[in-house]
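FYI, it's all coordinate maths here, none of it is from the lab. Here the structure is a predicted model, which is why all the values come from computation and not from measurement. Note that we place each Cβ from the backbone using ideal geometry, even for glycine, and neighbour counts take in every protein chain shown.
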Amino acid sequence: MHTFLRGANNNRGYDNMATVSVKNLVKIFPPPRSGKPPVTAINDISFDLSGHVFVSIVGPSGCGKSTLLNILSGIEKPSAGTVIVDQDGKPAQKGYVFQDPRLLPWRTVIQNMLYVSDLPEKEAIENAKEHLAMVGLSGADDMYPGQLSGGMQQRVGIARAFSVAPDILFMDEPFSHLDAITARSLRLQLQEIWNETRKTVVFVTHDVIEAVQLSDRIIIMEHSGSIYGDIEIGLPHPRKVSDPKVALRQAEILGIFESMVEEEEELE
């Protein structure tokens with residue numbers, strides 16, 4: 001594994017700081033069909049993260065990044081190795097934002113928010129309204145998902161994930177289905193929300209430019225399911241793609257990607 005670390009995290013004194021420890025993690029799926037070998041999606045990876053950090057997992061399609069996120073979040077079980085996700089020695093409260101917002105179409109926005117809440121009704125409604133306001137959807141309480149644009153639906157998904165007060169938030173390519181203008185707007189909004197909440201975030205994307213704009217740290221995965229690089233970005237938030245420093249860092253990370261692809265091609 002290649003390591004390219006720069007600078008140090010500037011953690012501030014916020015509550016709800018999650019810690020993740022991954023040791024010798026392996027995930028093997030059964031053969032896709034008769035006569036084929038089992039599929040190794042995750043190949044003996046280890047890493048740790050802690051603090052109020054935004055970490056992106058980046059890699060080509062089929063490298064195991066979404067599988068890794070699902071194991072960290074508890075959706076998938078590992079084949080071998082250990083994964084610990086805790087907060088002050090206790091199991092961490094987890095939030096999840098999917099590629100698809102997964103809103104119940106027969107429920108209003110506020111009803112979708114309340115569906116995941118275990119608070120008393122009055123408190124739950126207040127909490128839901130606060131988080132909808134956080135993503136700029138104060139007037140959308142009584143609307144149905146079908147009345148919302150794709151970007152608005154995803155903002156409801158983000159508000160819902162934050163509303164459960166997670167210690168750690170998992171995000172699986174949440175902007176991949178959106179048009180470029182909407183995705184750019186939501187990246188800026190996500191940075192603003194993260195600066196306010198400073199939750200621990202693990203974010204999966206195939207977009208290096210997106211990862212550099214959002215992340216404190218980028219874990220690059222290769223086709224074998226191994227970690228190729230672990231890179232600290234070392235730039236202050238919020239970041240704009242038009243910032244020359246951000247553009248330069250993006251070019252550097254893209255160069256590392258190109259090196260990985262060249263090395264994989266040499267091994268074929």
**Message:** When 1/r is averaged over all different Cα pairs and the result inverted, which Kirkwood radius in Å belongs to region 64-104?
**Reply:** 11.8 Å
**Fill in**
Simple SL model, points at 7 angstrom along Cα→Cβ for Met143 and Arg33; separation in nm is 4.4 nm
**Request:** Determine the sum of side-chain charges near Glu222: Lys and Arg each +1, Asp and Glu each -1, restricted to other residues whose C-beta is under 12 angstrom from that of Glu222.
**Result:** -3
**Item:** DSSP-loop chymotrypsin sites (Phe, Trp or Tyr not before Pro) across region 67-163, with at most 16 other Cβ within 10 angstrom
**Value:** Phe98, Trp106
**Asked** So, how do all the Cα-to-Cα distances of the chain break down into 5 Å bins, in percent, from 0 on up?
**Response** 1, 6, 12, 16, 18, 17, 13, 9, 5, 2, 1, 0, 0
**Request:** Any chance you could tell me what percent of the C-alpha pair distances in region 154-194 go past 17 Å?
**Result:** 27 percent
**Message:** Checking the table Lys23/Lys65; Lys77/Lys199; Lys94/Lys245; Lys65/Lys90; Lys65/Lys122 against a 27 Å threshold on Cα-Cα, which pairs fail?
**Reply:** Lys94/Lys245; Lys65/Lys122
**Prompt:** Can you work out ³J(HN,Hα) from phi for every residue in region 26-39, in order, using Karplus 6.51 cos²θ - 1.76 cosθ + 1.60 and θ = phi - 60°, giving whole Hz and x for Gly and Pro?
**Reply:** 9, 9, 10, 9, x, x, x, 7, 4, x, 9, x, x, 9
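State to the nearest 20 debye the size of the charge dipole of region 115-211 about its Cα centre, where the only charges are +1 on K and R beta carbons and -1 on D and E beta carbons.
On the way: 8 positive and 15 negative charges, 38 e Å.
Using only the charged Cβ atoms, the result is roughly 180 debye.
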**Request:** Report, by chain and number, residues whose modeled amide H sits under 5 Å from the one on Phe203, excluding near sequence neighbours (fewer than 5 apart, same chain).
**Result:** Val55, Ser56, Ile57, Met171
**Item:** Local electrostatic count, Met143, Cβ distance below 14 Å [Lys/Arg +1, Asp/Glu -1]
**Value:** +1
**Complete:** For region 240-255, Karplus-derived ³J(HN,Hα) couplings (6.51, -1.76, 1.60; θ = phi - 60°; whole Hz; x for glycine and proline) come out as 10, 4, 6, 5, x, 5, 5, 4, 5, 5, 4, 4, 5, 5, 4, x
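Which value at 222 nm does the chain reach when only helices count, each DSSP H run of 4 or more adding -39,500 (n - 2.57), with the total divided by all residues and rounded to the nearest 500 deg cm²/dmol?
Values: 7 runs with 93 residues, N = 268.
So the helix-based figure for the chain works out to -11000 deg cm²/dmol.
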**Request:** Could you tell me the largest-minus-smallest coordinate of the C-alpha atoms of region 159-268 on each of the three principal axes, in descending order and whole angstroms?
**Result:** 47, 30, 28
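Treat every Asp and Glu Cβ in region 213-268 as -1 and every Lys and Arg Cβ as +1, leave all other atoms uncharged, and give the resulting dipole magnitude about the Cα centre to the nearest 20 debye. Write out the running numbers ahead of the final one.
Values: 5 positive and 13 negative charges, 143 e Å.
For this selection, approximately 680 debye.
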